[in-house]
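Here's the structure we're looking at; comments come further down.
Derivation of every value follows stated rules applied to the coordinates shown; laboratory data play no part. No experiment lies behind these values; they were computed from the predicted model shown. As a convention, Cβ positions derive from the backbone with ideal geometry for all residues, glycine included, and neighbour counts pool all protein chains shown.
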Amino acid sequence: MLSVEDFTSLPKGFVVPQEGRVDVCPQCGRRGVEERPACGAPFFLHRQVLDVRGDGMLVEPLDRCALLPN
């Protein structure tokens, strides 16, 4: 089953379980969730696809902006 999570439609400050707090992207000004993965470059996530399968769940970003590492 596929579903799309769109963080741009959520109010600033809203907390998305397992994702984080919705804030404004410093690159484009749209709302999203900041992601700082342990392996990889940081980004601001605006939309993602969730694919729930019998053997687990696949999560892939659809729309994101790259952030400068701190």
Inset, instruction - Identify the trypsin sites (Lys or Arg not before Pro) of the range 2-34 meeting these criteria: DSSP loop state and at most 15 other C-beta atoms within 10 Å of the C-beta. - result: Lys12, Arg30
Legend entry - the range 53-66 - phi-based ³J(HN,Hα) in whole Hz, Karplus 6.51/-1.76/1.60, Gly and Pro as x: 10, x, 9, x, 10, 10, 10, 10, x, 9, 9, 8, 10, 6
Legend entry - Cys28 paired with Lys12, simple spin-label distance in nm, labels 7 Å along Cα-to-beta-carbon: 1.8 nm
Inset, instruction - Evaluate the relative contact order of the range 1-60 (contact order divided by residue number), counting alpha-carbon pairs under 8 angstrom at least 6 apart; express in whole percent. - result: 34 percent
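Just how large is the dipole of the chain about the Cα centre, in debye to the nearest 20, putting +1 at every Lys and Arg Cβ and -1 at every Asp and Glu Cβ?
In total the dipole reaches around 260 debye.
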Inset, instruction - Scan [x] 95; [y] 127; [z] 77 for the value of volume of the Cα convex hull per residue in Å³ calculated from this model and give just the label. - result: [x]
Inset, instruction - Using the charge dipole of the chain (Lys, Arg: +1 at Cβ; Asp, Glu: -1 at Cβ; taken about the Cα centre), state which of Gly29, Gln48, Pro61 has its Cα farthest towards the positive end. - result: Gly29
Inset, instruction - For Ala66 paired with Arg36, estimate the spin-label separation in nm (one decimal), with each label point 7 Å from Cα along the Cα-to-Cβ line. - result: 1.9 nm
